[in-house]
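We did not get these values from a lab; they are worked out from the coordinates using the rules stated. Bear in mind the structure is a predicted one, so any value in this text is a computation, not a measurement. In this analysis, Cβ positions are derived from the backbone assuming ideal geometry, glycine residues included, and neighbour counts consider all displayed protein chains.
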Amino acid sequence: MGKIALVGLGLVGRAWAISLARAGHEIALWDERPEAIGETLSFANKVLPELDAQGLLDGEAALSVRGRLRRAGSLEEALEGAAHVQESTPEDVEAKRAIFARLDRAAEAEAVLASSTSAILPSLFTEALEGRARCLVAHPINPPYLVAAVEIVPSRWTDAGVVQRTTALFRAAGHAPITMTREIDGFVVNRLQGALLEEAFRLVAEGFATTEDVDVALREGLALRWSFMGPFETIDLNAPGGVRDYAQRYQRTYAQIFSSTQWRADWSGPMMDRIEAERRARLPAEQLGERAAWRDRRLMALAAHKRRAAEEIGE
């Protein structure tokens, strides 16, 4: 397996470290804050045994995976010999331009330069680079060691071979690449999530349902199917004649709904006061961290279940 350099070790960068080391890559860790490397290693020491207990290390010992995580004393040391560079610095376009200029100067000539950004179009921070053809976005759905999807987003000048190499790298690492043909605001995942959130806010703003009602609709309804198949496969199986039959049966219903979705609920002010009050009544603020840890344990169990189900039932 080739060497990968991780540049930026916040929540996303340290999660990439787990995922890519598990896939067999030697990982060089670097951050402007030297203490972030130690925090990443401590995080790995905690998470890897938990993944091992769920059978999510592909039969390898946690210590073996942990041994592929290496400190880099400088950015240049981290980049030396790396075939892929995954940048996960803060979401600021000027900061992205600055770090990508450094990466383009110092990385190996054939190295792919990928950003984990969830919202910034790759064209906005790579246009001026001499090596812009090797730059793109590889955006994970956090945490990537539990959620397989990763968005591969090229700019209009990204070389097609770079897109193919990046897609192949993540697929080989156990990920499920969403390989886009061109960039658009929000990419794929946040555009889908955004559409759902907009409707969730509208339903609560108009008093049709509480925040918990909306959560139940997803948690105990749509998400059960969506955890192992997407919306197009869902509707293909929800009408006797498949997807065309479904569209013919239900297009009018969705067309009638559409006109009532053409406005935005305010995500602030009194509306947010109400939503926050409902959420804090169910989960006090001091328990947010504990509940996030619970979420990750549930995600581990779900990931383990999906692996077993795929083997026993089929994809």
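Can you tell me the orientation of helix 160-172 relative to the chain, as the angle in degrees between its alpha-carbon axis and the longest Cα principal axis, to the nearest 10?
Once rounded, one gets 80 degrees.
In vacuum, with every alpha carbon of the stretch 189-282 counted as one equal point scatterer, what does the Debye formula give for log10 I(q)/I(0) at q = 0.18, 0.25 Å⁻¹? Two decimals, please.
Computed log10 I(q)/I(0) values: -0.99, -1.37.
Given R₀ = 35 Å, what would the calculated FRET efficiency be for Y254 paired with A176, taking r from the Cβ atoms and rounding to 0.05?
Computed FRET efficiency for Y254 and A176: 0.80.
Could you state the angle between the C-alpha long axis of helix 35-53 and the longest principal axis of the C-alpha atoms of the chain, as a value from 0 to 90 degrees rounded to the nearest 10?
With both axes taken from Cα atoms, the answer is about 60 degrees.
Sort I4, I99 so the one with the fewest other Cβ atoms within 10 Å of its own Cβ comes first.
So the residues, fewest neighbours to most, are I99, I4.
Sorting L222, L41, L9 on the 10 Å Cβ count, fewest up front, what's the list?
L222, L41, L9
Rounded to the nearest 5, what is the percent of antiparallel bridges among the DSSP beta bridges in the chain?
Of all bridge pairs located within the chain, approximately 15 percent are antiparallel.
Taking the simple approach of a point 7 Å from Cα along Cα-to-Cβ for both E76 and W267, what is their distance in nm?
Once both label points are built, they end up 4.2 nm from each other.
List the relative contact order of the stretch 3-179 as a percent without decimals, with contacts defined as Cα pairs under 8 Å and 6+ residues apart.
Reported as a whole number, the value is 21 percent.
Using only the Cα atoms of the stretch 228-279, what semi-axes does the equivalent ellipsoid have when each is the square root of 5 times a gyration tensor eigenvalue? Give whole Å, largest first.
Each semi-axis is the square root of five times an eigenvalue, giving 34, 16, 7 Å.
If the elastic network links every pair of Cα atoms under 10 Å, which of R264, R132, R165 fluctuates the most in the Gaussian network model of the chain?
Among R264, R132, R165, the largest GNM mean-square fluctuation belongs to R264.
Are there any chymotrypsin sites (Phe, Trp or Tyr not before Pro) in the stretch 210-315 that are in a DSSP loop and have at most 13 other Cβ atoms within 10 Å? List them by number.
W263, W267
Run the quick spin-label model on R105 and F228: label points 7 Å from Cα toward the beta carbon, then report their separation in nm to one decimal.
5.2
GNM on the chain, C-alpha springs below 10 Å: top fluctuator among A173, A200, A239?
A239
Scattering from the C-alpha atoms of the chain alone, worked out with Debye: what is log10 I(q)/I(0) at q = 0.11, 0.13 1/Å?
One equal scatterer on each Cα of the chain leads to -0.82, -1.10.
Using the alpha-carbon atoms, what tilt in degrees (0 to 90, nearest 10) does helix 93-106 show relative to the longest principal axis of the chain?
30
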